[in-house]
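Just so it is clear, none of the values below were taken in a lab; they were calculated from the coordinates. Computed from a predicted model, the values in this text were never measured in an experiment. Cβ sites come from the backbone with ideal geometry, for glycine too, and all protein chains shown count toward neighbours.
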Amino acid sequence: MYDTIIIGAGMSGLAAGIRLAYYEQRVCILERHTTIGGLNSFYRMRGRDYDVGLHALTNITPKGTKQGPLARLLRQLRMSWDDLQISPQLGSEIVFPGVHLRFSNELELLRTEVGREFPHQRENFDRLINEIVEYDDLDESHQEISARKRLAEILTEPLLVEMLFCPLMFYGSAREHDMDWGQFSIMFRSIFMEGLGRPHAGVRLILKHLVRKFRGLGGELKLRAGVKRLAVEKGCVSRVELENGEVLEGRRILSSAGWCETMRMCDDGAPVSQRSSGRLSFCETIASLDVEPQDLGHRSTITFFNDSEEFAWTKPDVPCDVRSGVVCSPNNFDYGQSLGDGTMRITTLANQDHWNGLDEHDYRLEKLRWYDRITDSAVRFVPDFRSRVVDTDMFTPSTIVRFTGHDNGAVYGSPEKQFDGRTHLDNLFVCGTDQGFVGIVGSILSGISMANQHCLRD
């Protein structure tokens, strides 16, 4: 009998496991795949190391800072800043036709840029910042307020509103067309007021630290251990049946598989959910170069681009929506040393129905076609790196489904979140994407918070 069984060995599940193991709980983490991390993972192909999922860590505050999500994460997991070896971004940008806003981990740069491009919005932008500073994370009424409506009351320049939405939606919005005011405020803080950073070794450093700490505390991690069924008796999960036939028992179950995905595991016949699965998924291309991007004149850490004055955040009707996207160069963080190969990663919205309906032959051809189209779109906004490419890879919504199990390949899950993590069963709780925190720091904090709230109270 385990004290807690955790479904999923992503960031959220691993963090929850560590937190519980500190209090001498007997904890088992179940992972369907052969490796950890979900989509925030890493692999090696043709002699090169690749990260997937991680562009940058958000919420990066300077070493020694006592407040904020990152400081809270480090305290709860009893880790040090040096364990993560985070380097800040060199600087990023939002690029729309004829308008260019730079930003860094110092908010003043963005304030100056807004004043330069939109001088009549200086006072309004300061008012927006003040409202976000005063935003109360615990006020759930903010989840009912449209961010578009609120911004229209503060900023009188529609183009500036669209430019601010672009990075925030790409990095954390499960809702189409809009965000709730609370999520907008959290994402604005995490990206523009705290900032972006990355370990030199990428996501593998974070995952290896988490697994090493979990196992060092006596935690048990089972790979190739997908959950087939949660047996329900008298309003509780009584047993966890694995796909290999093994049966486990636990006093509590904490699932990071997603709300709808977790409900389908339950065998009590209750409706899976009244809420809808998310529809927003991505394609991402990864190009390895024989030079550093800076050698080509590209110093931006992340470029968020859009080719019109209106930013469309919705499931596209075409395989990939190349009107907008994110270009990230992992080389362009302030490491003080080289990564070796240059890397350019481009992310666009994608239609999961299209990619899921292809046979293997057509799937490979479509990846080749859309790799080229995505790259063609991106080089309108960054230096053309195509002549220096030595290797490529690409993932699609089908890849996301395979490694996360999320319906529709929805990276950010359902647009309706379960902030308290509770389900209809007394001992089953959710953490991770559908609990409501996004990004790697948010995902880790979700696991910690749900473990504290539901698994350490008695």
Taking only C-alpha pairs under 8 Å that are 6+ residues apart, what is the relative contact order of region 107-194 in percent?
36 percent
For region 183-266, restrict the atom set to alpha-carbon positions and state the Rg and Dmax in Å.
18.0, 49
Find the eigenvalues of the gyration tensor of the Cα atoms of region 213-303, then list the square roots of 5 times those eigenvalues as equivalent ellipsoid semi-axes, largest first, in whole angstrom.
41, 21, 12
Rounded to whole Å and sorted largest first, list the principal axis extents of the Cα atoms in the chain.
62, 51, 43
Taking Cα atoms only, Rg over Rh for region 134-244 with Rh from the Kirkwood formula is 1.14
Restricting to Cα pairs below 8 Å that are 6+ residues apart, what does the relative contact order work out to for the chain? Please round to a whole percent.
24 percent
Could you list the square roots of 5 times each eigenvalue of the Cα gyration tensor of region 107-194, that is, the equivalent ellipsoid semi-axes, sorted largest first and rounded to whole Å?
20, 14, 13
Rounded to the nearest 20 Debye, what is the dipole magnitude of the chain about its Cα centre when Lys and Arg each give +1 and Asp and Glu each give -1 at the C-beta?
1380 debye
What is the diffusion coefficient of region 279-404 in µm²/s, taking the Kirkwood radius over Cα pairs and the Stokes-Einstein relation at 10 °C with a viscosity of 1.306 mPa s?
105 µm²/s
Cα principal axis extents for region 1-140, largest first, Å
64, 45, 30
What net charge is computed for the residues neighbouring Asp51, neighbours being all others with C-beta under 14 Å from the C-beta of Asp51, Lys and Arg scored +1, Asp and Glu -1?
+2
